[in-house]
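Just below is one structure, and these are the notes that go with it.
The values are calculated or read from the model by the stated rules, or taken from the named source; none is laboratory data. Only a predicted model underlies this, so the values are computations on that prediction, with no experimental measurement involved. Glycine also receives a Cβ, built like all others from the backbone with ideal geometry; neighbour counts cover every protein chain displayed.
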Amino acid sequence: MFAPQGNNGSEIGEELQNLGETTPQESSEGVIMQTGVARVEAVARTWTRRSLWFAYAGIFLMAICTSLDIQVTSLLAYNATSSFASHSLLSTVGVIGNVLNAVIQPPMAKVADVFGRKEAFGISMLLYVLGYIQQAASKNIEAYASAQIFYAAGSTGLRILQQIFIADTSDLLNRALISSLPDTPFLVTVWIGPEIAGKLGTPLWRWGYGMWAIITPILSLPLFIALWVNQRKAAKAGLIPQYPWKQKGALNYIKSLWTELDILGVLLLVVGFSLLLVPFTLAASATGRWKNGSIVAAIAVGGVCLILFPIWEMWKKMAPTPLLTLRLLKNKTVLSGCALGFFYFMAYYLSLQPYFYSYLQVARNTGSVAAGRITLTFSFASTASSIVVSLFIKYTRHYKYFMIAGICIYVLGIGLMLRYRNADANTAQIVMTQVVVGIGGGMLNVPAQLGVQASSLHQEVGAATAIFLTIVSLGGAVGSAVSGAIWTYNIQKKLSLYLPESAKGDVKSIFSSAVVAQTYAMGTPERVAIVRAYDETMRILLIIAVCVCIPMLPLGILMENHKLDQIDQGVSGVVIGSSSKTTAAKASLREGEEVGKEEINGGSKV
């Protein structure tokens with residue numbers, strides 16, 4: 001890395017020369033240091049405590065916007081699709097968004113490694129704004145659905161880049177706590193988001209999308225200003241390396257981008273997951289689609305792409321800067337942590353999403369506001385528990401014990417959901433299950449991500465974080481597809497079986513709309529049959545969710561219990577927390593290069 005290990009001027013001069021090289025460097029572990037990472041390490045040397053806190057204020061303001069817009073726009077999707085007379089396509093739009101959210105994170109992390117963090121933030125913000133402008137201005141369902149491409153790329157890019165920035169500017173001992181910062185607004189936005197959406201309603205739903213194209217860029221200015229100012233400082237000090245393709249011809253420029261961005265690896269990953277998940281969800285949502293040759297062919301091609309992806313990534317001659325390095329592919333902690341995240345989110349989408357809200361209203365006759373608050377209890381509890389466990393990690397310097405405890409609590413919570421699924425359970429018991437599941441989720445998710453990051457070099461942190469979050473999202477996509485298939489098959493079948501003869505002709509309308517199902521009064525034969533169908537189907541989903549949780553405990557045990565204060569990832573400059581190696585590196589830099597009084601005072605611990 002670029003942290004000098006000695007105190008003489010020749011070593012510092014050699015380091016500064018390395019920083020200005022025009023080609024990516026290779027670490028002692030054989031991992032190539034890409035230009036974007038080298039640039040962020042150079043910028044890190046100019047951070048002061050004040051400028052870093054200013055940047056984190058920008059992260060927090062951005063997190064408020066992105067968390068609140070999720071709460072508002074997820075509810076306004078009902079109004080948008082209804083205005084196009086296409087409410088039945090709401091789930092299809094959701095599937096597209098989920099798949100895009102999953103596959104866009106590794107490419108965006110790669111862009112950040114190649115071009116730099118500030119540049120990647122700018123690209124993500126541009127896509128985010130374009131997505132919301134198109135959604136607000138859309139005249140039909142096709143335009144609205146296609147806007148998901150820009151919105152998903154932009155919003156997901158902003159979220160992953162927040163975590164990458166935190167990894168760049170914090171040591172491992174403090175990272176769990178600091179990485180919870182973008183989640184803290186959920187403690188408030190989960191309650192006020194539905195109120196804002198309710199005020200906007202059907203007449204103003206377009207403004208509910210368009211306003212974020214104005215609000216988010218404005219509140220993100222502190223972060224962009226901090227990144228821009230410090231990059232100028234580093235450039236004036238001669239620390240910023242040049243891009244390897246600069247001053248080359250067009251052909252060499254394209255070849256360099258092909259290698260640096262690992263475009264074929266990105267394409268294999270994106271095409272593989274897209275062709276596998278989207279056709280799978282479409283085929284699972286209706287009968288007879290498995291006989292469609294194009295669906296089967298798409299799934300087969302997607303599977304082949306995913307098989308080819310790790311083979312390509314391990315081919316060093318053709319992929320010298322892979323999206324996922326061989327070191328990470330062989331690391332049991334990285335693989336176990338990603339698999340743990342996959343099963344965690346798969347279980348979540350089999351139990352709490354997307355049908356628990358409907359179950360509360362139809363089977364338990366819970367009002368829409370109360371049902372919304374119950375389902376939001378998970379987000380509140382998981383955010384609070386992630387902050388608390390991050391404090392424990394900071395002061396104990398270990399994460400594995402808390403992760404194992406979180407896994408056990410999470411499984412217990414889903415088991416309690418199964419236990420209190422019946423009609424005899426009261427509302428307090430239902431809320432209690434959500435609190436338990438939320439506490440367990442917060443305790444296991446943050447340490448699992450931290451374990452993956454702790455097993456990575458600084459060059460690999462962006463890719464490792466993106467891969468972890470991608471696998472987590474894919475677990476949710478798979479869970480959502482499986483729950484959708486089970487719900488579709490069982491609800492229709494059980495309604496046909498249990499409804500009285502006079503109501504059997506209404507099976508399709510009752511199945512298609514929870515609102516129609518609620519029109520039958522509680523205690524009537526029709527509502528009793530509907531409640532029974534919902535209750536038995538929810539039981540199946542929860543049993544599968546419990547089974548999905550079984551691999552989580554052995555996967556957690558397989559992860560290495562890193563002592564966080566003894567790991568040096570080569571994160572240099574001013575960071576949240578410090579280690580002896582980082583402090584020594586800063587002291588050496590002070591002797592070898594006068595960046596300015598303000599910059600050299602950056603050795604203080606934040």
Q. If you check ILE295, ILE307, which single one turns out to be at pLDDT 75 or above and either surrounded by 14 or more Cβ atoms within 10 Å (Cβ to Cβ) or assigned by TED's automatic domain parsing to the domain that holds MET346 (or both)?
A. ILE295
Q | LYS118 vs. criteria assigned to a helix (DSSP H, G or I), surrounded by fewer than 23 Cβ atoms within 10 Å (Cβ to Cβ) and either over 18 Å from the mean Cα position of the chain (by Cα) or in contact (Cβ under 8 Å) with a residue 60 or more places away in the chain (or both) | A | yes
Q. If you check ALA477 against the conditions, is it at pLDDT below 80 and under 19 Å from THR321 (Cα atoms)?
A. no
Q) If you go through the stretch 485-503, how many residues are surrounded by 20 or more Cβ atoms within 10 Å (Cβ to Cβ) and modelled with pLDDT under 85? A) 2
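Conditions tested, residue by residue: (1) in a helix (DSSP H, G or I); (2) without any contact (Cβ under 8 Å) to a residue 60 or more places away in the chain; (3) within 18 Å of SER74 (Cα to Cα); (4) within 16 Å of the chain's Cα centre (by Cα).
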position: ALA143; (1), (2), (3), (4): yes, yes, yes, no
position: ALA152; (1), (2), (3), (4): yes, yes, yes, yes
position: LEU177; (1), (2), (3), (4): yes, no, no, no
position: PRO182; (1), (2), (3), (4): yes, no, no, yes
position: TRP191; (1), (2), (3), (4): yes, no, yes, no
Q. Residue check: is SER509 part of a helix (DSSP H, G or I) and crowded, with 18+ Cβ neighbours inside 10 Å?
A. no
Q: Count, please, the residues in the stretch 223-263 that happen to be modelled with pLDDT of 80 or more and surrounded by fewer than 18 Cβ atoms within 10 Å (Cβ to Cβ).
A: 4
Q) So how many residues does the stretch 517-544 have that are more than 15 Å from TYR357 (Cα to Cα) and of a type in the set (Ser, Thr, Tyr)? A) 3
Q: Residues being without any contact (Cβ under 8 Å) to a residue 12 or more places away in the chain and exposed (fewer than 15 other Cβ atoms within 10 Å of the Cβ): count how many of those fall in the stretch 517-527.
A: 4
(Q) Quick check on ALA521: is it within 30 Å of the chain's Cα centre (by Cα) and in the same structural domain as TYR357 (by TED's automatic domain parsing)? (A) no
Q: Inspect all residues belonging to the stretch 538-558 and state whether any of them is on the phi > 0 side of the Ramachandran plot and either at pLDDT below 70 or not in a helix (DSSP H, G or I) (or both).
A: no
**Q.** In the stretch 175-208, the residues that are crowded, with 20+ Cβ neighbours inside 10 Å and of a type in the set (S, T, N, Q)
**A.** SER179, SER180, THR189
Q) Given the residues ALA381, ALA448, which is the only one that is aliphatic (A, V, I, L, M) and closer than 30 Å to ILE196 by Cβ? A) ALA381
